[in-house]
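The values are calculated or read from the model by the stated rules, or taken from the named source; none is laboratory data. Since we're looking at a predicted model, the values are computed, not measured. Here the Cβ positions follow ideal geometry from the backbone for every residue, glycine too, while neighbour counts run over all protein chains shown.
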Amino acid sequence: MQPILTFFLTCLSLMMLFTHTAVAEQQCIGVISAGSGEKFWNTLAEGAIEAGEKYGYQVIPRGPKLEANYIAQAEIIKYFEARGCVGLVLAPNTPTLHNDVIRLQKKGITVVFADRPLKSLPEIALFTTDNFTAGKLAAEKLIAQLSPEQNNIAVFRLEASVETTTQREDGFIRTILEHGKTLY
């Protein structure tokens, strides 16, 4: 079973537990990625839809085109709220979503965080990967493909405020340095 599918099967199982919703009602669960167009978010959406079909939920994925579009996520949350979705899987791209999440919870809408938390709401369930280890594994795969004389590696880092990518970058960089490679 694919890791993304396993992730969403677990997530939807928790939502069913928390929402006490009958599967036959075909209620919706919104899935809001931090961005769209990236393979990671597309795979996440595919896994969510497949898991929703298994459990009898209509899973509707949405996400802003750019991860830096903080306003779009708040608008997408309002869209799912207006649709009457019973749950929301959210990969928050800004801490300013705190009040939106609190509002959903007060309405009885289950919220589960994916990929990253809102640190102001630590009690909300979070499904994530071990990003540091993912970076290490990526570095090990790269090193295995390099010849012994290939020692110079360039790393292009994303925005430092995105904790998940920073963790992957850190795992990658540490492993590259441990193998005696030079970083640029």
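Among the listed residues Ala144, Ala139, Ala154, identify the single one that is out of contact with any strand residue (DSSP E or B) (no Cβ under 7 Å at 6 or more places or on another chain), surrounded by 12 or more Cβ atoms within 10 Å (Cβ to Cβ) and not assigned by TED's automatic domain parsing to the domain that holds Lys65.
Ala139
Here is a list of conditions, (1) over 23 Å from Ser36 (Cα atoms); (2) at pLDDT below 95; (3) crowded, with 19+ Cβ neighbours inside 10 Å, and Leu118 meets all of them except one; can you say which number that is?
If we test Leu118 against (1) over 23 Å from Ser36 (Cα atoms); (2) at pLDDT below 95; (3) crowded, with 19+ Cβ neighbours inside 10 Å, just (1) comes out false.
Considering only the range 129-156, state which residues are polar (S, T, N, Q), over 30 Å from Pro95 (Cβ atoms) and outside any loop (DSSP other than H, G, I, E, B).
Result: Gln145, Asn152.
Would you please name the residue that is surrounded by the most Cβ atoms within 10 Å (Cβ to Cβ), looking only at residues in the range 157-171 that are assigned to a helix (DSSP H, G or I) and charged (D, E, K, R)?
Arg168
One line per residue, one yes/no per condition, for (1) basic (Lys, Arg); (2) at pLDDT below 90; (3) touching a Leu at 6+ places or on another chain (Cβ under 8 Å):
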{"site": "Ile102", "(1), (2), (3)": "no, no, yes"}
{"site": "Thr110", "(1), (2), (3)": "no, no, yes"}
{"site": "Phe127", "(1), (2), (3)": "no, yes, no"}
{"site": "Phe132", "(1), (2), (3)": "no, no, no"}
{"site": "Lys141", "(1), (2), (3)": "yes, no, no"}
{"site": "Ala144", "(1), (2), (3)": "no, no, no"}
{"site": "Ser147", "(1), (2), (3)": "no, no, no"}
{"site": "Val162", "(1), (2), (3)": "no, yes, no"}
{"site": "Asp170", "(1), (2), (3)": "no, no, no"}
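For the structure I just gave you, tell me whether Ala125 is buried (at least 18 other Cβ atoms within 10 Å of the Cβ), in contact with a strand residue (DSSP E or B) (Cβ under 6 Å, 6 or more places away or on another chain), within 21 Å of Pro92 (Cα to Cα) and of a type in the set (A, V, I, L, M, F, W, C). Reasoning before the result, please.
Details: buried (at least 18 other Cβ atoms within 10 Å of the Cβ): no; in contact with a strand residue (DSSP E or B) (Cβ under 6 Å, 6 or more places away or on another chain): yes; within 21 Å of Pro92 (Cα to Cα): yes; of a type in the set (A, V, I, L, M, F, W, C): yes.
Spelling it out, it is not the case that Ala125 is buried (at least 18 other Cβ atoms within 10 Å of the Cβ), in contact with a strand residue (DSSP E or B) (Cβ under 6 Å, 6 or more places away or on another chain), within 21 Å of Pro92 (Cα to Cα) and of a type in the set (A, V, I, L, M, F, W, C).
Collect the residues in the range 26-55 that are assigned to a loop (DSSP other than H, G, I, E, B), among the small types (Gly, Ala, Ser) and at pLDDT below 90, keeping them in residue-number order.
Ala34, Gly35, Ser36, Gly37
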